[in-house]
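See below for the structure under consideration.
The values are calculated or read from the model by the stated rules, or taken from the named source; none is laboratory data. These numbers were taken from a predicted model, which means no experiment stands behind them. Don't worry about glycine lacking a Cβ; one is built from the backbone with ideal geometry, like all the others, and counts go over all protein chains shown.
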Amino acid sequence: MYFSAAFIFAALPFLATAVPMAEAPSRSGVAIPIAKRTTLHLADGSVNAEVLKRKMRSSVAKINRGFEIYARNTGKVHPSARNLKKRATLGPDPLTDVDDQFWYGTISVGTPAKQYTVDIDTGSSDLFLPGSTCGSTCSGHTLYSPSASSTSKDLNKTFTLYGDSSSVSGEQYSDTVSIAGLTATGQTFGSAKTYSTGFESSEFPADGLLGMAFELLSDYNANPLFQSLIAAGKVADASFGFYFAASGSELFIGGVNDELYSGNFTTVNVTTAAYWQTTFDSFSVNGQAVVNRTAAIIDTGTTVLIGSSAGIKALYAQISGAKADSSLGSGFYSIPCSFDTPLSVTFGGTEFTIDPSTFNLGPVSDGSSTCVGGAVADDDISSAFWILGDVLLQNVYTKFDVGNQQIGFATLA
Ligand SMILES: *[C@@H]1O[C@H](CO)[C@@H](O)[C@H](O)[C@H]1NC(C)=O
Ligand SMILES: *[C@@H]1O[C@H](CO)[C@@H](O)[C@H](O)[C@H]1NC(C)=O
Ligand SMILES: *[C@@H]1O[C@H](CO)[C@@H](O)[C@H](O)[C@H]1NC(C)=O
Ligand SMILES: *[C@@H]1O[C@H](CO)[C@@H](O)[C@H](O)[C@H]1NC(C)=O
């Protein structure tokens with residue numbers, strides 16, 4: 001086990017009160033605070049390389065799993081999956097570790113409503129909670145009890161899901177689910193009978209997980225929660241906004257929070273409405289484009305930037321003192337801790353800067369002058385696409401526009 005100090009960033013407390021009492025469509029949208037917990041660093045502040053490695057592999061595994069679900073739901077191979085190497089099995093990913101970084105918020109489920117915390121993940125599409133028949137692996141979590149909810153309906157279908165790296169299985173139910181005071185009735189979700197180690201309360205701070213991508217990735221082949229709210233006319237604006245910051249992060253349901261960004265959004269189309277997938281124009285280091293036009297999945301459930309070996313190599317070639325460091329894991333690079341090279345990603349003609357402090361993940365060991373770089377190569381991903389996680393998302397305000405199938409990026413206020 002690779003436990004380390006948890007860094008919990010307090011959410012903006014005043015936002016917690018911004019919950020409307022009415023059931024009418026939310027004209028202005030509603031913010032809910034989200035908390036962050038990560039075990040990426042050891043108590044001394046250095047990077048826990050084992051955790052980082054597992055997190056990276058689990059992100060890749062999750063995305064590959066989504067391609068399988070997409071193929072089953074549509075009968076077609078996902079356009080980006082074509083370029084992927086054939087996976088050996090369609091079964092559970094062999095990883096048994098925990099995903100160590102979470103963004104989580106609160107939802108309520110059932111009648112009477114009971115509150116649960118959920119990890120908010122734009123890289124998957126299903127909601128699951130630990131169920132009352134789950135054994136000791138669910139202890140410490142708030143459990144969903146179908147018999148305690150008058151609106152609960154057993155769908156008589158089992159499910160097996162792979163949250164970033166760990167497996168969850170149980171029974172599908174539908175019930176009333178509310179987020180930020182907006183209610184979906186008859187929402188399909190999974191009530192887990194089994195949580196693997198990675199979802200135990202000591203390792204997974206939220207009770208369950210809320211997928212925020214499109215329905216084609218739903219293992220239940222059902223509307224994800226946000227799509228249910230749209231279908232029920234509960235949100236006037238079929239989009240949600242993410243703001244990630246150490247000082248207080250939030251998920252904004254039904255639009256964006258105008259206080260948290262400046263200027264206009266740069267909007268790009270979602271290329272295949274399954275993942276939050278788009279194309280970036282270029283990735284630059286020190287103003288020089290090291291990678292041009294590449295598909296990218298925007299994933300709140302991924303910590304780093306994951307790209308092709310060639311692209312990541314080209315990126316680090318422009319960073320003085322950077323080198324591939326296999327002691328950290330395959331695909332990882334180290335950089336000098338004094339690194340202050342500006343990096344940027346250009347979407348729709350607008351360049352968004354990645355602050356060196358968010359790219360630098362921290363020292364490889366306590367007191368070292370060598371640090372871990374926030375971009376990692378993975379050959380499973382091949383040259384097909386990149387996965388852009390928190391290293392980018394902490395630097396921009398992101399609008400996930402379900403209705404128009406677009407992603408908007410804006411500069412932080
Ligand atoms: C599930 O099975 C139970 C018992 O056979 C039945 O009463 C219920 O209607 C079924 N639910 C659905 C959604 O089919
Ligand atoms: C935002 O867009 C509006 C309308 O197109 C334009 O008038 C305004 O100048 C833009 N603002 C910035 C900061 O680019
Ligand atoms: C984005 O999608 C819209 C609607 O399908 C289309 O009209 C537009 O040309 C697309 N923009 C780009 C840059 O591809
Ligand atoms: C990316 O495109 C720019 C502008 O066309 C070009 O100067 C640069 O060499 C290209 N970079 C790569 C890695 O292809």
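Being surrounded by fewer than 14 Cβ atoms within 10 Å (Cβ to Cβ) and either modelled with pLDDT of 70 or more or among the hydrophobic types (A, V, I, L, M, F, W, C) (or both) narrows it down to one of Gly29, Gly45, so name that one. Please lay out each step first, then the result.
Values: Gly29 fails: surrounded by fewer than 14 Cβ atoms within 10 Å (Cβ to Cβ).
Unique residue meeting the criteria: Gly45.
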**OP:** Restrict the check to the stretch 332-339 and report whether at least one residue is outside any strand (DSSP E or B), more than 21 Å from Leu42 (Cβ to Cβ) and within 22 Å of the chain's Cα centre (by Cα).
**Re:** no
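With respect to Gly301, determine if the residue is crowded, with 23+ Cβ neighbours inside 10 Å, part of a loop (DSSP other than H, G, I, E, B) and small (Gly, Ala, Ser). Step through it out loud before you land on a result.
Values: crowded, with 23+ Cβ neighbours inside 10 Å: yes; part of a loop (DSSP other than H, G, I, E, B): yes; small (Gly, Ala, Ser): yes.
Taking the combined requirement at face value, the residue satisfies it.
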Taking the stretch 117-150 and keeping only residues that are crowded, with 17+ Cβ neighbours inside 10 Å, within 16 Å of ligand 1 (Cβ to nearest atom) and part of a loop (DSSP other than H, G, I, E, B), one is left with Ser149
Please verify whether the stretch 198-209 includes one or more residues that are more than 16 Å from ligand 2 (Cβ to nearest atom), closer than 19 Å to Val30 by Cβ, under 18 Å from the mean Cα position of the chain (by Cα) and part of a strand (DSSP E or B).
no
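Restrict the check to the stretch 136-156 and report whether at least one residue is modelled with pLDDT under 90 and either out of contact with any Leu (no Cβ under 6 Å at 6 or more places or on another chain) or on the phi > 0 side of the Ramachandran plot (or both).
As a first pass, look at the stretch 136-156 and keep what is modelled with pLDDT under 90: 136-137.
Right, trim to either out of contact with any Leu (no Cβ under 6 Å at 6 or more places or on another chain) or on the phi > 0 side of the Ramachandran plot (or both) and you get 136-137.
Within the stretch 136-156, one or more residues are modelled with pLDDT under 90 and either out of contact with any Leu (no Cβ under 6 Å at 6 or more places or on another chain) or on the phi > 0 side of the Ramachandran plot (or both).
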Is the stretch 170-187 home to any residue that is touching a residue at least 40 places away in the same chain (Cβ under 8 Å) and within 22 Å of Ala61 (Cα to Cα)? yes
Scanning the stretch 280-293 for residues that are in contact (Cβ under 8 Å) with a residue 60 or more places away in the chain and surrounded by fewer than 20 Cβ atoms within 10 Å (Cβ to Cβ), the one nearest to ligand 3 (Cβ to nearest atom) turns out to be Asp281
Filter the stretch 107-157 for residues that are within 17 Å of Ser228 (Cβ to Cβ) and β-branched (Val, Ile, Thr); the one that is nearest to the chain's Cα centre (by Cα) is Thr122
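How about the stretch 215-288: which strands (runs of 3 or more DSSP E) wholly inside it have at least 1 residues that are within 26 Å of Leu315 (Cβ to Cβ)?
Numbers: elements: 239-243, 249-253, 261-269, 277-285.
Of the strands (runs of 3 or more DSSP E) lying wholly inside the stretch 215-288, those with at least 1 residues that are within 26 Å of Leu315 (Cβ to Cβ) span 239-243, 261-269, 277-285.
For the stretch 302-313, what are the residues that are in contact with a helix residue (DSSP H, G or I) (Cβ under 7 Å, 6 or more places away or on another chain) and not β-branched (Val, Ile, Thr)? I'd like the intermediate steps shown before the answer.
Restricting attention to the stretch 302-313, the residues satisfying the condition of being in contact with a helix residue (DSSP H, G or I) (Cβ under 7 Å, 6 or more places away or on another chain) are 302-306.
Hit for the stretch 302-313 is Leu305, nothing else.
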Among Tyr261, Tyr243, Tyr316, Tyr275, the single one that is surrounded by 16 or more Cβ atoms within 10 Å (Cβ to Cβ) and in contact with an Asp or Glu (Cβ under 7 Å, 6 or more places away or on another chain) is Tyr243
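Val270 - would you say it is in the same structural domain as Leu315 (by TED's automatic domain parsing), touching a helix residue (DSSP H, G or I) at 6+ places or on another chain (Cβ under 8 Å) and surrounded by fewer than 24 Cβ atoms within 10 Å (Cβ to Cβ)?
Details: in the same structural domain as Leu315 (by TED's automatic domain parsing): yes; touching a helix residue (DSSP H, G or I) at 6+ places or on another chain (Cβ under 8 Å): no; surrounded by fewer than 24 Cβ atoms within 10 Å (Cβ to Cβ): yes.
When the stated conditions are applied, Val270 does not pass them.
In this structure, does Ala324 turn out to be within 12 Å of ligand 4 (Cβ to nearest atom) and more than 23 Å from Lys62 (Cα to Cα)?
On the way: within 12 Å of ligand 4 (Cβ to nearest atom): no; more than 23 Å from Lys62 (Cα to Cα): yes.
No, not satisfied.
So which of Ser196, Ser178, Ser167, Ser218 is of a type in the set (Gly, Ala, Ser) and either closer than 19 Å to Ala113 by Cβ or within 15 Å of ligand 1 (Cβ to nearest atom) (or both)?
Details: Ser196 fails: either closer than 19 Å to Ala113 by Cβ or within 15 Å of ligand 1 (Cβ to nearest atom) (or both); Ser167 fails: either closer than 19 Å to Ala113 by Cβ or within 15 Å of ligand 1 (Cβ to nearest atom) (or both); Ser218 fails: either closer than 19 Å to Ala113 by Cβ or within 15 Å of ligand 1 (Cβ to nearest atom) (or both).
Going through Ser196, Ser178, Ser167, Ser218 in turn, the sole match is Ser178.
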